[in-house]
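Read-outs: derived from the displayed coordinates by stated rules, not from any lab. Not measured: the values here are computed from a predicted model. Heads up, the Cβs are rebuilt from the backbone with ideal geometry, glycines too, and the neighbour counts pull from every protein chain shown.
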Ligand code: C5P
């Protein structure tokens with residue numbers, strides 16, 4: 001069963017990852033590998049983490065023409081990761097082709113694929129004045145999440161604050177994976193729309209993504225346990 005708390009391994013090298021993971025003994029973790037790390041260490045790192053028994057969310061946020069995304073997904077699927085993602089802004093055809101690529105490359109069950117709606121660092125002001133979209137971040141999230149569901153995506157990445165909106169507009173089995181998590185005592189860094197793990201759970205998130213709160217903690221193992229405890233042991237949605 002996948003753990004509900006996904007740790008974002010936002011590190012520059014394999015050595016940093018190994019040193020971070022030395023805080024965890026035999027625990028099987030759900031780890032997110034993003035651009036910073038994957039562009040340096042590539043598939044070899046994924047194989048190492050999988051050999052240690054961890055689950056992997058490969059967070060590369062693909063966004064390109066449908067054929068390119070399709071071909072990239074065939075390759076990523078062969079790595080037997082558990083979760084991958086694309087930008088919903090790439091459109092429904094791109095999302096459909098991503099899923100086809102994952103099916104094609106999978107050895108068994110294909111990795112789940114979720115769509116990024118709006119990044120948790122985005123504000124309504126940014127989408128209005130810089131991107132040129134009208135409406136609020138919430139409007140855009142609903143629109144993009146509905147497109148993602150139509151294209152067959154398994155869920156979305158969004159802020160926990162947007163989960164109730166997603167629940168109102170998408171089916172109950174549509175997964176919500178939510179970054180932008182901070183403990184009450186934390187620095188927010190560049191995240192604009194944050195909640196605590198407990199609030200994320202109350203709002204209906206299926207999985208939370210936690211980076212700096214754990215990775216920059218003086219005691220990463222204890223902070224992870226605090227968050228897991230805050231989330232609670234009885235976790236039903238992840239077992240679907
Ligand atoms: O350190 P922090 O907890 O803010 O890290 C959040 C992680 O989630 C980062 O790796 C970031 O790239 C990722 N993420 C995000 N917002 C999204 C999608 C992914 O913050 N919409």
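If a/c stays under 1.5 just call it rounded; otherwise compare a/b with b/c (prolate if a/b is bigger, oblate if not). Do that for the range 1-92, with a ≥ b ≥ c from the square roots of the Cα gyration tensor eigenvalues. Since a/c reaches 1.5 and a/b is larger than b/c, the shape of the range 1-92 is classed as prolate. Ranked by how many other Cβ atoms sit within 10 Å of their own Cβ, fewest first, the residues 27, 41, 80, 130 fall in the order 130, 27, 80, 41.
Using the average count of surrounding beta-carbon atoms within 10 Å as a protection proxy, the listed peptides 154-164, 68-78 rank, highest first, as 154-164, 68-78.
Estimated from helices alone, the mean residue ellipticity of the chain at 222 nm is -12000 deg cm²/dmol (sum of -39500 (n - 2.57) over DSSP H runs with n ≥ 4, per residue). For the chain, the relative contact order is 18 percent, taking Cα pairs closer than 8 Å that sit 6 or more residues apart in sequence and dividing their mean separation by the residue count. Sorting 138-145, 82-89 by average packing, meaning the other beta carbons within 10 Å per residue, from highest down gives 82-89, 138-145. Evaluating kT/(6 pi eta Rh) at 4 °C and 1.567 mPa s, with the Kirkwood radius of the chain over Cα pairs in the Stokes-Einstein relation, gives 72 µm² s⁻¹.
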